[in-house]
1. Look at the stretch 123-156 and say how many of its residues are in a loop (DSSP other than H, G, I, E, B) and in contact (Cβ under 8 Å) with a residue 12 or more places away in the chain.
2. Looking at the stretch 243-264, can you tell me whether even one residue there is touching a helix residue (DSSP H, G or I) at 6+ places or on another chain (Cβ under 9 Å), assigned to a helix (DSSP H, G or I) and more than 17 Å from residue 114 (Cβ to Cβ)?
3. Kindly indicate the residue of the stretch 217-242 that is assigned to a loop (DSSP other than H, G, I, E, B) and under 19 Å from the mean Cα position of the chain (by Cα) and also surrounded by the most Cβ atoms within 10 Å (Cβ to Cβ) among those meeting that condition.
4. Taking the stretch 175-194, which residues are touching a Lys or Arg at 6+ places or on another chain (Cβ under 9 Å) and either β-branched (Val, Ile, Thr) or not in a helix (DSSP H, G or I) (or both)?
5. Restricting the search to the stretch 24-77, which residues are free of Cβ contacts under 8 Å to residues at least 40 places away in the same chain and closer than 18 Å to residue 112 by Cβ?
6. Suppose we filter 53, 34, 47 for residues that are within 15 Å of residue 120 (Cα to Cα) and of a type in the set (Asp, Glu); which single one remains?
7. Which number in (1) of a type in the set (A, V, I, L, M, F, W, C); (2) farther than 21 Å from residue 265 by Cβ; (3) within 17 Å of the chain's Cα centre (by Cα); (4) buried (at least 18 other Cβ atoms within 10 Å of the Cβ) marks the one condition that residue 132 misses?
8. Restricting the search to the stretch 9-23, which residues are within 14 Å of residue 97 (Cβ to Cβ) and touching a residue at least 60 places away in the same chain (Cβ under 8 Å)?
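Coordinate-derived values only; no laboratory data. Please read all numbers here as calculations on a predicted model, not as lab measurements. Here the Cβ is made from the backbone with ideal geometry for all residues, glycine too, and neighbour counts use every protein chain on show.
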Amino acid sequence: MFTKTIDLRVEGSQEYASMDVYILDRYDVIAMQERPLVIVCPGGGYEYTSPREGEMIALQFAAKGYHAAVVHYSCAPSVFPTANYELGKAFIYLRKQAAKWHIDPDKIVPIGFSAGGHMVASYCMFWKKEYMAAALDCDSEELRPNGMMLGYPVITSGEYAHRGSIQNLLGEKCEDEEMLHLVSLEYQVNEDVPRTFLWGTYEDRSVPVQNSLYLLNALVAKGIPVEYHLYEKGEHGLSLGNKTTSHDGVNQIVPSMQSWIDRALDWMDRIGSTS
């Protein structure tokens with residue numbers, strides 16, 4: 001495996017804005033020559049990017065034969081859409097390296113958790129906007145996500161919002177009604193949003209399940225293919241739900257929801273197929 005850290009800073013970024021890549025070696029005796037790549041975007045309330053939702057997630061995908069990357073996007077005091085620009089820069093970089101690193105350029109998919117889920121979802125809704133290509137000096141197709149995976153995502157700025165995430169995302173504009181509507185993503189689903197994998201837990205009290213349900217309904221209304229898994233048990237921020245990602249080795253271990261990663265892998269295997 002080849003690893004490298006890539007600078008993702010743009011105007012308005014924090015110093016740490018970067019991407020860690022995990023590129024599997026190519027072997028002639030293995031039939032798969034070009035591999036899909038998953039871009040992991042951790043949560044953290046737009047205050048920080050949680051290590052519990054970063055490398056451990058990336059390595060799960062790497063163990064199943066996918067290239068992976070972890071984006072440490074800019075959080076407060078950086079504001080929207082800085083993190084979207086950084087994720088866009090990651091897509092551009094990875095596609096430029098696709099031939100060298102044996103990445104399938106048509107199978108690059110971001111996965112985001114909590115506030116990272118909001119960041120990924122907003123990117124997947126706004127990637128084709130003219131301001132994105134203009135800011136990154138690229139063609140819009142270089143920014144195209146080939147799917148969207150979200151775990152217990154922040155979606156709404158309305159009744160069921162995770163207020164801290166929205167405040168950190170918007171900074172001084174957190175009371176601006178136009179901006180609040182813009183980042184309330186149930187209203188922003190459009191025909192350019194890719195097929196989606198979504199999961200969460202009923203018991204989540206930090207980011208209520210209504211966030212995912214709002215998004216689910218909006219995706220269905222727009223005819224965007226979606227797979228949704230709602231687990232009954234588990235608090236917010238479970239990550240893998242096992243001892244490798246538990247904050248204390250005791251809590252956040254919920255066997256009944258650990259299957260999400262296998263379901264996500266199955267969903268990824270169907271990228272580009274009709275089955």
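1. Here is the first cut: in the stretch 123-156, the ones in a loop (DSSP other than H, G, I, E, B) are 127-129, 137-139, 144-147, 152-156.
After this cut, where a residue has to be in contact (Cβ under 8 Å) with a residue 12 or more places away in the chain as well, the list is 127-128, 138, 144-147, 152-156.
Summing the residues that are in a loop (DSSP other than H, G, I, E, B) and in contact (Cβ under 8 Å) with a residue 12 or more places away in the chain in the stretch 123-156 gives 12.
2. At the first step, the residues of the stretch 243-264 found to be touching a helix residue (DSSP H, G or I) at 6+ places or on another chain (Cβ under 9 Å) are 244-247, 252, 261, 264.
In the following step, the residues that additionally are assigned to a helix (DSSP H, G or I) were identified as 261, 264.
Okay, now just the ones that are also more than 17 Å from residue 114 (Cβ to Cβ), so none.
No: the stretch 243-264 contains no residue that is touching a helix residue (DSSP H, G or I) at 6+ places or on another chain (Cβ under 9 Å), assigned to a helix (DSSP H, G or I) and more than 17 Å from residue 114 (Cβ to Cβ).
3. Here the residue is 238.
4. Within the stretch 175-194, 189, 190, 191, 192, 193, 194 meet the criteria.
5. 48, 51, 54, 55, 58, 59
6. So the residue among 53, 34, 47 that is within 15 Å of residue 120 (Cα to Cα) and of a type in the set (Asp, Glu) is 53.
7. (3)
8. 19, 21, 23
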